[in-house]
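A quick write-up on the structure given underneath.
The values are calculated or read from the model by the stated rules, or taken from the named source; none is laboratory data. Fair warning: this is a prediction, and the values are worked out from it, not measured in the lab. A quick note on method: Cβ atoms are made from the backbone with ideal geometry, for glycine too, and the neighbour counts reach across all protein chains shown.
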Amino acid sequence: MSEHDEPEGYDGEVTVVMDGEPPRTAGAVLGARFDPLAGSVVWSGRLRLAVPPRTRLEVTTPHGTGAAEATEADPWGNTRITGVGRPPFPVELLDGAAEV
């Protein structure tokens with residue numbers, strides 16, 4: 001296994017903003033990993049919030065904001081999302097390796 005196999009992520013409260021709606025708070029579990037085929041870091045996760053598929057939204061954590069799209073709902077009312085661009089949480093691959 002390489003150092004890039006372990007996902008980095010965030011588990012906690014987020015603020016979700018969708019076009020034309022007031023901001024909402026929800027729990028989220030988000031992860032990021034290096035995708036060698038894409039040649040970049042990709043991120044995705046689940047929101048504890050019902051959002052229609054293909055809805056574009058902004059997800060804000062205490063670390064930042066990222067653009068995402070809702071992809072599908074699960075049987076428990078959560079929504080799976082896929083992030084576009086830099087994730088809204090720290091990712092060592094993007095922020096530089098920690099000093100040892």
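Observations on the structure shown:
- Selection within the range 37-52: residues that are of a type in the set (A, V, I, L, M) and modelled with pLDDT of 90 or more. The member of this set that is surrounded by the fewest Cβ atoms within 10 Å (Cβ to Cβ) is Ala50.
- Scope the range 12-36; condition assigned to a loop (DSSP other than H, G, I, E, B) and at pLDDT below 85; matching residues: Pro36
- Meets criteria (closer than 16 Å to Glu13 by Cβ, of a type in the set (A, V, I, L, M, F, W, C) and either within 9 Å of the chain's Cα centre (by Cα) or at pLDDT below 90 (or both)) for Leu57: no
- Cβ separations smaller than 7 Å between residues 6+ apart or across chains give the following pairs from the range 70-91 residues that are in contact (Cβ under 8 Å) with a residue 24 or more places away in the chain and within 18 Å of Ser40 (Cα to Cα) to residues that are in a loop (DSSP other than H, G, I, E, B) and not polar (S, T, N, Q): Pro88/His63; Phe89/His63; Pro90/His63.
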